[in-house]
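Any read-out appearing in this document is the output of simple, stated calculations on the displayed coordinates, not a laboratory observation. These numbers come from a predicted model, not from an experiment. Using ideal geometry, Cβ is built from the backbone for each residue, glycine included, and neighbour counts are taken over all protein chains shown.
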């Protein structure tokens, strides 16, 4: 009903410009009145109005759209209606609907139309004295909620917040200076009643970006999201008139890693009328992480506007917005890289998500997608490959990217990598496993390994493994003995020939299995997601603990159990796996040693 009233006002503007009616096209309004006592809801306007012939044509004929016919004649008219069915929604909540109308055209007379929803209606001379239309809904007994102010206010706030002509709904309190003065001589403020105008008739997205300041965008963001306390990081103002009409403003919120809860914050409008905040059909999925508004009269709607129809325009609009976002990010990266890097923690997840889900976005984002090093420096993929291609190439010729997902917990491994001159990057976001797999697919000869996936000398194997001081039989005997110290369901014992100065034990986690499990967990489960965590307990075959061990009469290796247990506990502690009773015993044992 309000959309129809807005169209009636827009027609006045169009016809006044063409000179078909005498009107300046100003001072147009819509008013909504809820009368709880009378159980009526009234929508009135001072728009174009209708003659008797127009009432017969547009009201008495179902699905004949006066709006559609008007747009055909006046191509540039900003009209909301299309289907000729909107008016009949009134009967969903009414036992009777009345129309009082008077056309703006010269010589018109007022018309009164009334119908109870049956095929029968009455039409007679009306009593309206000023041009416009008034529609009175006599609410049905099961629909009296629509006489409640709060119910109507909620509907108007949601759907009509940015319609082009003022919409008044009752009154609200305001404070103004009165005539009386206080003790200091200042005029006292008094409470007065003023019209409650529920809409902003000139929303920011319709204005030229050159006429706006950053504060204007921040103010508009607060208007859209009054319960959001963080300011947006930056915005993109979209303004296209060919090959389709598209306006809007997209805001980048502070996203961190909780991107799922941020979805469905972009609102879709058509001619300043709210359509939906489910914009996945009009925006690529990754752009639904943003906030803001997109408005296009070229978006095809179904009759109820509850979902979008698929057509070529929708795909074009989606591609254009994606390109616009990529261009904005590239411009920020090029013009002020330091500022871009400062924002990375808040936009990195968004960019990675876009690269994973949109191939065209990936092609552009490759240049400005950043990787943070353990020294808190930023490199894009091209810069990283150039930096490590000589130092981190293995004996097969592959360049190995070492990464950590927790800088604190994996400090020892990061430090060991630095000692060897290796670069370590930090990949700790929720999309890291998928991002890594994509990077490997897109970059031939590049492999990612987490710093705790193996002992350091085997992460990037430069040469063949150094010889072991233990024979194969000795290793097998030791392996059987060592398995008694750990949970065999959780730990796989293996040997590696390392420098005698390295630790006797290192706990690692297989890169492939861990990554598959992480990806499965993110995707909702799957085979790998059901598997328990598993680790490797890697024993250094060249450590004196083993190389100096003795063999008993039966050929079994004799170990100092106390030292072995302590060394394993230290390895578990370094990995964060020593917990509960085992951790308590370890602490007590070491405290007792200190006491002696």
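Here are the numbers:
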read-out: Per-pair calculated FRET efficiency, R0 = 51 Å: residue 344 and residue 171 via Cβ, rounded to 0.05; value: 0.55
read-out: For segment 158-184 and segment 571-596, distance of Cα centres in Å; value: 69 Å
read-out: Footprinting exposure proxy for 242, 88, 217, 403 (fewest neighbouring C-beta atoms within 10 Å first); value: 242, 88, 217, 403
read-out: Label-point gap, in nm, between residue 594 and residue 499 - each point 7 angstrom along Cα→Cβ; value: 3.0 nm
read-out: Using alpha-carbon coordinates, inclination of helix 561-575 to the longest axis of the chain, degrees; value: 20 degrees
read-out: Alpha-carbon centroids, segment 1-36 and segment 492-519: separation in whole Å; value: 74 Å
read-out: Folded to 0 to 90 degrees: helix 2-18 orientation relative to the chain principal axis, Cα; value: 60 degrees
read-out: In nm, spacing of pseudo-spin labels at residue 35 and residue 210 (7 Å Cα→C-beta vector); value: 5.2 nm
read-out: Length released on extending from residue 151 to residue 560, taking residue separation times 0.36 nm less the Cα-Cα span; value: 139.4 nm
read-out: Length released on extending from residue 130 to residue 510, taking residue separation times 0.36 nm less the Cα-Cα span; value: 128.7 nm
read-out: Global form of segment 433-523, assessed from the alpha-carbon gyration tensor, a/c cut-off 1.5; value: oblate
read-out: Net lengthening on full extension, residue 406/residue 228 (0.36 nm per residue, minus Cα-Cα); value: 61.1 nm
read-out: Where a label projected 7 Å from the Cα of residue 398 along Cα→Cβ would reach, residues of segment 405-438 with amide N under 13 Å; value: 437
read-out: 375, 581 arranged by Cβ crowding within 10 Å, fewest neighbours leading; value: 581, 375
read-out: Of all DSSP beta bridges in the chain, antiparallel share, percent nearest 5; value: 75 percent
read-out: MRE, 222 nm, helices only [DSSP H, n ≥ 4, -39500 (n - 2.57), over the chain, to nearest 500]; value: -10000 deg cm²/dmol
read-out: Least to most buried among 134, 149 (fewest other Cβ within 10 Å first); value: 149, 134
read-out: Distance in nm between pseudo-label sites at residue 141 and residue 531 (7 Å out along the Cβ direction from Cα); value: 6.6 nm
read-out: Distance from segment 315-364 to segment 460-487 (C-alpha centre basis), Å; value: 48 Å
read-out: Efficiency of FRET from Cβ geometry, residue 464 and residue 330, R₀ 60 Å, rounded to 0.05; value: 0.85
read-out: Antiparallel DSSP beta bridges within segment 369-459, as percent of all bridges there, nearest 5; value: 45 percent
read-out: Residues residue 337 and residue 26, FRET efficiency given R0 of 56 Å [Cβ-Cβ distance, rounded to 0.05]; value: 0.70
read-out: Between 0 and 90°, nearest 10: helix 580-595 axis offset from the chain longest Cα axis; value: 50 degrees
